[in-house]
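This report concerns only the one structure given below.
The values are calculated or read from the model by the stated rules, or taken from the named source; none is laboratory data. Bear in mind the structure is a predicted one, so any value in this text is a computation, not a measurement. Backbone-built Cβ (ideal geometry, glycine too); neighbour counts: all protein chains shown.
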Amino acid sequence: MRRVILAFIGLLLPAALAAAPVRPLPVRQLDIAPKEVILGWINQYRHHPEPDQVPLAVHGLSRLGILTDTEAAGVYVGFLAGVFAKNPDRADALIAKMFPLSDEHQWAIVRAIAYSGLPDWRTVLQRNAVRMPARRVMIERYLAGKLPTLDQAPIEKDETLGEKIRGQMLFVNYFSKPKKEFGLELTPDVLDTLWGYFYATGEYKPLGRIILMLRWTKERDVLEKLTLGSMAKYTLAINAGRNADLLARVKWAETQPQPDAVKPVLKEIVEAAETYESGKLRNEALAAIEELKRKGPGSKRDLSVWSQVGEGALAVGCIVLAVTGQVEFGIPCVVGGVATSAALRLWDTPK
């Protein structure tokens, strides 16, 4: 059986950088700024929206090659989607200033428009298609509804008991494959994207969808859901501990009607954020994930089926835009793109 190795890796800024006073970078320099400064600016954005700087940030991300890896750039796509959503009358003008842009990085603009949730996002995409001829196929598929949008991620609805039972009836599945509902697959990229959208807008909707993932922290059957639920719990605790406004939002969410499985997890997150004990959550998450990998789905315990899960299918890509005591800097909790044996060994390194 191929062993799936998974862990959370935090890339911390140097201590001296965290301790030293830092001044915001002038607008004209965002396009030549290092990654840490762009992340810090993104982390501040919901408090001080500056849409005119967004095209410069895109040029900076492109220059750094950050948009090359589609599996690790979800937070930036979500951020751009949120910016478009908050500036519907300026979307075309902002997009125009993002060009010229390398052909290999234009996918991020296409996806951000589709993920924006704008009522006329298809029209916006059509108007800007001429700028991105290399992305013609991708654009056509979004316009035809053949590629899912962020709203189509199946976060709000779980399978019913009847659907689960039918999915486990091997005799039925032998003659006919169950029809898969069209929607965005539940990968770590979805969590990244929702975080980016929140940082651009400060709205509760993307945060609320992350909170809904918490009901999967006790998932016994689907490893992807358990992973996402655990990552949502961990990232909420990390961010809430370092962002007072986010902690207040989580506390407010705790007082609102929530699924039964969510409320106790929110309580744990608040406690971990206020006591800086997020490491405990991380260890609990890894233990639960390892148990599910070892035993297989709780309803089936079919190790022969479980052994078919590949390493690449469970590569984790969360990005936590937390801060080190200063709002100017974001810390990427980069866990993504597990594509090499060297990267896999990193996951197994004791923390």
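Which of the following residues is within 16 Å of the chain's Cα centre (by Cα) and small (Gly, Ala, Ser): Gly82, Gly60?
Every option except Gly82 fails the conditions.
When Val130 is tested against (1) over 15 Å from Phe84 (Cβ atoms); (2) part of a helix (DSSP H, G or I); (3) among the β-branched types (Val, Ile, Thr); (4) touching a residue at least 40 places away in the same chain (Cβ under 8 Å), just one condition goes unmet, and that condition is (4).
Out of all the residues in the stretch 274-286, is one or more farther than 24 Å from Val83 by Cβ and not in a helix (DSSP H, G or I)? Yes, the stretch 274-286 contains at least one residue that is farther than 24 Å from Val83 by Cβ and not in a helix (DSSP H, G or I).
Table: residues versus (1) of a type in the set (Ser, Thr, Tyr); (2) under 26 Å from Leu246 (Cα atoms); (3) touching a Phe, Trp or Tyr at 6+ places or on another chain (Cβ under 7 Å); (4) not in a helix (DSSP H, G or I).
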position: Asp31; (1), (2), (3), (4): no, no, no, no
position: Val37; (1), (2), (3), (4): no, yes, no, no
position: Gly40; (1), (2), (3), (4): no, yes, yes, no
position: Gln44; (1), (2), (3), (4): no, yes, no, no
position: Val54; (1), (2), (3), (4): no, yes, no, no
position: Leu61; (1), (2), (3), (4): no, yes, yes, no
position: Glu71; (1), (2), (3), (4): no, yes, no, yes
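With respect to the conditions (1) surrounded by fewer than 15 Cβ atoms within 10 Å (Cβ to Cβ); (2) farther than 22 Å from Ala81 by Cα, Asp245 lacks only one, and its number is (2).
I'm trying to understand the selection: among the residues of the stretch 151-205, which are of a type in the set (Gly, Ala, Ser), over 27 Å from Leu118 (Cα atoms) and either at pLDDT below 50 or touching a Pro at 6+ places or on another chain (Cβ under 9 Å) (or both)? Can you show your working first?
So the first thing to find is which residues in the stretch 151-205 are of a type in the set (Gly, Ala, Ser), and the list is 153, 162, 167, 176, 183, 196, 200, 202.
So of that shortlist, the ones also over 27 Å from Leu118 (Cα atoms) come out as 162, 167, 176.
If the condition is that a residue be of a type in the set (Gly, Ala, Ser), over 27 Å from Leu118 (Cα atoms) and either at pLDDT below 50 or touching a Pro at 6+ places or on another chain (Cβ under 9 Å) (or both), then Gly167, Ser176 are the ones that fit.
Residues in the stretch 47-67 that are in contact with a helix residue (DSSP H, G or I) (Cβ under 6 Å, 6 or more places away or on another chain) and more than 21 Å from Asp92 (Cα to Cα): Leu64 only.
Of all residues in the stretch 214-239, those satisfying the criterion of being of a type in the set (A, V, I, L, M, F, W, C) and either surrounded by fewer than 24 Cβ atoms within 10 Å (Cβ to Cβ) or farther than 18 Å from Asp192 by Cα (or both) are Val222, Leu223, Leu226.
Number of residues in the stretch 270-317 that are of a type outside the set (Ser, Thr, Tyr), at pLDDT below 50 and surrounded by fewer than 18 Cβ atoms within 10 Å (Cβ to Cβ): the value is 11. Could you list, in sequence order, all residues of the stretch 86-101 that are of a type in the set (A, V, I, L, M, F, W, C) and either outside any loop (DSSP other than H, G, I, E, B) or on the phi > 0 side of the Ramachandran plot (or both)? The answer is Ala91, Ala93, Leu94, Ile95, Ala96.
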